[in-house]
Amino acid sequence: MLTSNEIRQLFLDYFARNGHTVVSSSSLVPVNDPTLLFANAGMNQFKDVFLGIDKRPYRRATTAQKCVRAGGKHNDLETVGRTARHHTFFEMLGNFSFGDYFKREAIFYAWDFLTTVLGLPRERLWVTVFLDDDEAFHLWQEIAGIPAEKIIRLGEKDNFWAMGDTGPCGPCSEIIYDRGEEYRCNAPECALGVCDCDRWLEIWNLVFMQFNRDEQGNMTPLPRPSIDTGMGLERLTSVLQGVESNFETDLFTPVLKKIEELTGRSYSRGPDGFPFRVIADHSRSCTFLISDGVLPSNEGRGYVLRRILRRAVRFGKLLGIEGPFLYRMVEVVVNKMQDAYPELVERQEFVEKVIKLEEERFLVTLNEGIRKVDDIINRCQAEGRQEISGAEAFMLYDTYGFPLDLTEDIGEEHGLTVDKEGFNRMMEEQRERARQAQKGEDAFAWEKRLAEVLEGVPASEFEGYQRLFAATNVQAIIQNDEEVDVIHDARGILVLQETPFYAESGGQVADTGIIKGERGIFTVDGVKKVAGWILHYGRVEGRLAKGEKVRAEVDAQRRLATARNHTATHLLHKALRLVLGEHAQQKGSLVEPERLRFDFSHFAPLSEEDIQRIEEIVNLKIWELQPVEVALTSLEEARKMGAMALFGEKYGDEVRVISIGDFSRELCGGTHVENTGQIGILKIINEGSIGAGLRRVEALTGSGALAHLTGSEKELKRAAAVIKAPPQELVERLETLNRQIREKEKEIEVLKGKLSRQEAGNLLYQATEIGGIKVLVTEMPGQDMNTLRQNAEMLRDKLGTSAVVLGSATDGKVNLVAFVSKELTERGLHAGKIISAVAKVVGGGGGGRPDMAQAGGKDAHRLPDALQLARELVQKAL
């Protein structure tokens, strides 16, 4: 029996033998694609190739792609565990043709691989084709010998694929495995295309990308039709291993065994096994997502990860697991998947830490959620409601991770139903917000439009690594989204034959400068790269024409300042890992002339000692005058050299390795100094959190760092002058002054207390009698809550059997306290009820015991009304 690892390798080897380039899986976090939450298909990383924006050195490719479908348009989260086939994380095997081969070859490869290489029985295989795709219908008969009755024609919903509302599209053909009569459903006609039961298992989808659809819906043939196929490894493995569901394949069985070990329970295929399947699936998703740089948060990808992780934790709790456990699943997942994805091994410890920390946080939240459910149930019972509202159920789901069915179960135990319609309405509103947040087609439409406008224009040559100026030609001018021959006194975009201008990339800002022609000067204020073209954004003063010879000049000082900061980020990255640990990996950066910003994974604030040690390491390397060397090599050779690749970045076949002596070696396309001595000095000016498990450091180098240090020294001297002390004695003098101030504050508090008690004593004469009971309701201006409470208690004790209500307004806020003698509480006078009613008058809330209560409010101008109500309530009670 073939293992999943063997099946994956057989697939890649087969297509490699047939002229395909084996391309590594892209990150689950799509690169430069705002339309996608996660990579969810093999073609994602080739989207720009299909659109004609990106050019690759190959026209045939094959991949085993990591995919997640747990958010946005494709979301299988709630279905996981309920079916045999749905997952949040899965692997998509695919082969692709970029204008090379088409239907005939795609059908042949698929049939040959399944029947010859894997040996699937031909009689078990059926196919579907698009309703009008006669070509595919006949090719299946010709190449595979499939009888016409086993080729099912289906409509656009099932067998037509489109990248979007406009753009590349075409019919598709699905290969279906007939699992046999024993899996048929109870429908009168259990037939492919009629029912969707477990008998008919789709294992491979072949997309024939042959049309381009415009805004009016018109479809025209593509000049170079392409192929995009996808086959789920989990499904294929279930067929080849002859098991009932994906969860019984060797991809999942080690994980399920670990859950059995943790729970002391046995896994079963039925409903009792549902929590096992959820945890097994979600442990894979969490491991891969965190390994690819996603961290739990309250928005975007991090929010989806948090939902997946917390869902697994909740099901673990249902199985009786107390405390964090999901992080212990990581090792099992890594052991199973490390052959195909070796990066999991080096990130295992980090992934475990992230999951454990999130588990610990959620277990606290979960317990709070259970208390919140109790509050809701009590409120329903107090209000005589028989239903938990949709808003309440959604709050439990969204804030505490309670799925609707759990809320329904708890409600049922107390005779309550749940407003499912209201809950679903709020869920749909949330999905709509998510859909709006995911809209990012404009950028792709613009890039696609540029590719059309610049069709036939040769790619730009970047020469900015070697020099900061170039004599070159204007190859194209774009103005108002159209190519023009001449531009004068206006904004526009220039494409040059050669350019020294660095385009914004990898966190480094673009160069600025000028492009001089005979009759005009173009001021460059932005540079971007689209496909092979480098676009210079700016404004021309005078006139420039297409084909004109020009001189491009980069602002040298700005470039040098940027290069200082970029090389410094490499030193900083290495120093962070030396001081904090290897988990401190780069998660983002911004390199500007004025400063650098560096985001990295870490779980706690950096101590002063950490920051000092990091600065020491970086500055020592700067002062050692380490050479900064550049090497061009293959990605594989770069990794052998020990070069660090930033996961999630898109690298070509040839990569650029930046080495700083023997200290740091990273893949990088940015600009750098030639020697670390050119950096001068680095000074960290800020460090803080930007999310769970993410920290950010901001730093200055060179003249910027010097200016910062000079400014700090000036401020130090000014502060020393104010307190008349030498700078070196400033801290000692400040500590002395601080101690003296605290002593004076204590003396002031003592005096204030004496004055307050004296003032309160004068109020004794304002007390009135009601039926022989002393009552004092009055205002004491400027009293904080603590002082007001002490005075009220003192007045009650001095008045004997009495009721005292005091109010005070301070800084626009209201403080209220009430003290009632014990004898009066036995007669029904309740301080808490009085304060609760009175506080509402001043826009506040509160309460307390029968003998003592306090509350705050925000409407100081209503204090007289509140005290009048207090008098009336006391009088009525007595």
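The values are calculated or read from the model by the stated rules, or taken from the named source; none is laboratory data. Note that the structure is a prediction, hence the values are computed from the model and not measured. Glycine gets a Cβ as well: all are built from the backbone with ideal geometry, and neighbour counts include every protein chain shown. Each accessible area value is taken on the protein alone, full model and side chains, heavy atoms only, with ligands, DNA and RNA left out. Shrake-Rupley method; radii C 1.70, N 1.55, O 1.52, S 1.80 Å.
Just the residues that are basic (Lys, Arg) and in contact (Cβ under 8 Å) with a residue 40 or more places away in the chain, please, taken from region 571-630.
Once the filter is applied, which keeps residues that are basic (Lys, Arg) and in contact (Cβ under 8 Å) with a residue 40 or more places away in the chain, region 571-630 yields Lys574, Lys587, Arg595, Arg597, Lys621.
Specify which of the listed residues (Gly677, Gly772) is within 30 Å of Val618 (Cβ to Cβ) and of a type outside the set (A, V, I, L, M).
Testing whether each residue is within 30 Å of Val618 (Cβ to Cβ) and of a type outside the set (A, V, I, L, M) leaves just Gly677.
Scan region 500-511 and tell me whether some residue there is among the polar types (S, T, N, Q), under 30 Å from Phe598 (Cβ atoms) and touching a Leu at 6+ places or on another chain (Cβ under 9 Å).
The answer is yes; a qualifying residue exists.
Would you say Glu413 is open to solvent by 40 Å² or more (accessible area, probe 1.4 Å) and under 20 Å from Ala312 (Cα atoms)?
no
How many residues does region 648-694 contain that are among the acidic types (Asp, Glu) and buried (at least 20 other Cβ atoms within 10 Å of the Cβ)?
1
Just the residues that are aliphatic (A, V, I, L, M), at pLDDT 90 or above and touching a Leu at 6+ places or on another chain (Cβ under 8 Å), please, taken from region 680-706.
Scanning region 680-706 gives Ile681, Leu682, Ile685, Val697, Ala699, Leu700, Ala705.
Among (1) surrounded by fewer than 18 Cβ atoms within 10 Å (Cβ to Cβ); (2) modelled with pLDDT of 80 or more; (3) not polar (S, T, N, Q), which single condition is Arg60 missing?
(1)
Taking only region 585-617 into account, find how many residues are aliphatic (A, V, I, L, M) and surrounded by fewer than 21 Cβ atoms within 10 Å (Cβ to Cβ).
Adding up the residues that qualify gives 5.
Keeping to region 278-315, report how many residues are of a type in the set (Gly, Ala, Ser) and touching a residue at least 60 places away in the same chain (Cβ under 8 Å).
Residues that pass the stated criteria total 6.
Which condition breaks for Thr128 when tested against (1) surrounded by fewer than 20 Cβ atoms within 10 Å (Cβ to Cβ); (2) within 19 Å of Gly94 (Cβ to Cβ); (3) modelled with pLDDT of 85 or more?
(1)
Only one of Leu366, Leu357, Leu326, Leu318 is open to solvent by less than 20 Å² (accessible area, probe 1.4 Å), more than 12 Å from Leu262 (Cβ to Cβ) and in contact (Cβ under 8 Å) with a residue 24 or more places away in the chain. Can you tell me which?
Step by step, each of Leu366, Leu357, Leu326, Leu318 is checked, and only Leu366 is open to solvent by less than 20 Å² (accessible area, probe 1.4 Å), more than 12 Å from Leu262 (Cβ to Cβ) and in contact (Cβ under 8 Å) with a residue 24 or more places away in the chain.
Look through region 618-639, keep the residues that are surrounded by 19 or more Cβ atoms within 10 Å (Cβ to Cβ) and not polar (S, T, N, Q), and return whichever of them is nearest to Lys574 (Cα to Cα).
If we take residues in region 618-639 being surrounded by 19 or more Cβ atoms within 10 Å (Cβ to Cβ) and not polar (S, T, N, Q), then Val618 is nearest to Lys574 (Cα to Cα).
Given the criterion touching a helix residue (DSSP H, G or I) at 6+ places or on another chain (Cβ under 8 Å), modelled with pLDDT under 80, among the acidic types (Asp, Glu) and open to solvent by less than 80 Å² (accessible area, probe 1.4 Å), identify the matching residue among Glu447, Glu392.
From the options Glu447, Glu392, the qualifying one is Glu447.
Residues being at pLDDT 95 or above and in contact with a helix residue (DSSP H, G or I) (Cβ under 9 Å, 6 or more places away or on another chain): count how many of those fall in region 509-534.
Number of matching residues: 4.
In region 558-599, how many are in contact with a strand residue (DSSP E or B) (Cβ under 7 Å, 6 or more places away or on another chain), over 22 Å from Gly526 (Cα atoms) and β-branched (Val, Ile, Thr)?
1
Given Leu251, Leu206, which one is buried (at least 23 other Cβ atoms within 10 Å of the Cβ), of a type in the set (A, V, I, L, M) and farther than 25 Å from Met337 by Cα?
Just a single option satisfies the conditions, and that option is Leu206.
Do the conditions hold for Phe90, that is, is it outside any loop (DSSP other than H, G, I, E, B) and surrounded by fewer than 23 Cβ atoms within 10 Å (Cβ to Cβ)?
For Phe90, the condition - outside any loop (DSSP other than H, G, I, E, B) and surrounded by fewer than 23 Cβ atoms within 10 Å (Cβ to Cβ) - is not met.
Across region 462-497, which residue is farthest from the chain's Cα centre (by Cα) among those that are within 13 Å of His536 (Cα to Cα) and without any contact (Cβ under 8 Å) to a residue 40 or more places away in the chain?
Ranking the candidates gives Gln497 first.
What residue, among those in region 1-25 that are among the charged types (D, E, K, R) and in contact with a strand residue (DSSP E or B) (Cβ under 9 Å, 6 or more places away or on another chain), is farthest from Asn40 (Cα to Cα)?
Ranking the qualifying residues of region 1-25, first place goes to Asp13.
Restricting attention to region 162-191, report how many residues are of a type in the set (Asp, Glu), within 37 Å of the chain's Cα centre (by Cα) and either surrounded by fewer than 15 Cβ atoms within 10 Å (Cβ to Cβ) or assigned to a loop (DSSP other than H, G, I, E, B) (or both).
So the count comes out to 1.
Quick check: anything in region 219-240 touching a Leu at 6+ places or on another chain (Cβ under 9 Å), of a type in the set (Lys, Arg) and either open to solvent by 10 Å² or more (accessible area, probe 1.4 Å) or within 27 Å of Ala136 (Cα to Cα) (or both)?
Yes, region 219-240 has at least one match.
Where residues in region 752-787 are aliphatic (A, V, I, L, M) and more than 24 Å from Gly812 (Cα to Cα), which of them is modelled with the highest pLDDT?
Top of the filtered list is Val775.
Within region 296-313, can one find any residue that is modelled with pLDDT of 90 or more, of a type outside the set (A, V, I, L, M), within 19 Å of Phe603 (Cα to Cα) and open to solvent by less than 30 Å² (accessible area, probe 1.4 Å)?
The answer is no; no qualifying residue exists.
Determine which single condition Gln783 fails, assuming it passes every other condition in (1) open to solvent by 90 Å² or more (accessible area, probe 1.4 Å); (2) touching a strand residue (DSSP E or B) at 6+ places or on another chain (Cβ under 8 Å); (3) part of a loop (DSSP other than H, G, I, E, B).
(1)
In the set Phe402, Phe350, which member is surrounded by 20 or more Cβ atoms within 10 Å (Cβ to Cβ), under 22 Å from the mean Cα position of the chain (by Cα), closer than 23 Å to Ile259 by Cα and modelled with pLDDT under 80?
Unique residue meeting the criteria: Phe402.
Any residue that is under 24 Å from Asp610 (Cβ atoms), among the aliphatic types (A, V, I, L, M) and at pLDDT below 90 - is there at least one of those in region 650-669?
no
Of the residues Ile487, Ile521, only one is touching a Lys or Arg at 6+ places or on another chain (Cβ under 9 Å) and at negative phi; which?
Ile487
All but one of (1) touching a Ser or Thr at 6+ places or on another chain (Cβ under 7 Å); (2) at pLDDT below 85; (3) under 17 Å from Leu206 (Cα atoms) hold for Leu77; which doesn't?
It fails just one condition, (3).
Looking only at residues that are under 35 Å from the mean Cα position of the chain (by Cα) and without any contact (Cβ under 8 Å) to a residue 60 or more places away in the chain in region 218-256, which one is farthest from Tyr58 (Cα to Cα)?
Once the filter is applied, the top-ranked residue is Leu256.
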